[in-house]
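Shown next, in structure tokens, is the structure this report addresses.
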């Protein structure tokens, strides 16, 4: 049986609609789909206070072995970000996520460039949604950044540009839950290789089953599916 780890989940409170985002419900959904563990973070860190949110995420990881803690900072509250990143790194956080789509800041901002330098110095990968920028701009802004960059919510219509950027930037990875176009998984495997595709569902905002089925039903080998479902994440993010 293939090991599955979900790289993209949340818990806590979602301000835009009624949604059960408890850790228990998330765990039940993951278990129902045979998923061993998940990278997750408290949504409080997105909308309210990133320090409190990171603390909730830490507590969740200490209470539940399946939780892989993910940190965040909010560039609208920039003071103290370096200390927060260092503290969470020391506590075992191996991945950070950023949310310019909900927080209305630009990746072209000098604040983001300073944040990148802090992450680069500590060799910390990050995940970011491709909703408010083009991949070419991300590649330009992050030039010289060494750790993996995981892009999620990449749209089918941007596939050509994403592939071109990935061909020239070996540290850019794509999370798979929005790769729902015809033969999308197969196209990425053919053009840039399987090693930079990482399974994620964006649960509980999206259902797990469709995201998982896209990988399981793709016309690729079982070994390639295994890489996407867990091993690429483990190598890119969890390796010392």
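The values are calculated or read from the model by the stated rules, or taken from the named source; none is laboratory data. Note that this is a predicted model, so its numbers are computed, not measured. Ideal geometry is used to build each Cβ from the backbone, glycine not excepted, and the neighbour counts take in all protein chains shown.
Below is a table of values for the structure above.
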quantity: Residues (over 15 Å from residue 84 (Cβ atoms) and surrounded by fewer than 17 Cβ atoms within 10 Å (Cβ to Cβ)) located in segment 104-116; calculated: 104, 106, 108, 109, 110, 113
quantity: Residue satisfying all of: in segment 14-26; surrounded by 14 or more Cβ atoms within 10 Å (Cβ to Cβ) and under 20 Å from residue 54 (Cβ atoms); modelled with the lowest pLDDT among these; calculated: 14
quantity: Single residue of 163, 233 found to be in a helix (DSSP H, G or I), in contact with a strand residue (DSSP E or B) (Cβ under 6 Å, 6 or more places away or on another chain) and surrounded by 15 or more Cβ atoms within 10 Å (Cβ to Cβ); calculated: 233
quantity: Residue ID - farthest from residue 146 (Cα to Cα), chosen from residues in segment 71-129 that are assigned to a helix (DSSP H, G or I), touching a residue at least 40 places away in the same chain (Cβ under 8 Å) and touching a helix residue (DSSP H, G or I) at 6+ places or on another chain (Cβ under 7 Å); calculated: 102
quantity: Number of the exception - residue 173 against (1) buried (at least 22 other Cβ atoms within 10 Å of the Cβ); (2) farther than 21 Å from residue 30 by Cα; (3) without any contact (Cβ under 8 Å) to a residue 60 or more places away in the chain; (4) under 13 Å from the mean Cα position of the chain (by Cα); calculated: (3)
quantity: Among the candidates 58, 10, residue that is within 18 Å of residue 128 (Cα to Cα), surrounded by 16 or more Cβ atoms within 10 Å (Cβ to Cβ), at pLDDT 95 or above and touching a helix residue (DSSP H, G or I) at 6+ places or on another chain (Cβ under 9 Å); calculated: 10
quantity: Hey, residue 132 in contact with a helix residue (DSSP H, G or I) (Cβ under 8 Å, 6 or more places away or on another chain), assigned to a loop (DSSP other than H, G, I, E, B) and surrounded by 14 or more Cβ atoms within 10 Å (Cβ to Cβ) or not; calculated: yes
quantity: Output for segment 166-192, where each listed residue is at pLDDT 95 or above and assigned to a helix (DSSP H, G or I); calculated: 166, 167, 168, 185, 186, 187, 188, 189, 190, 191, 192
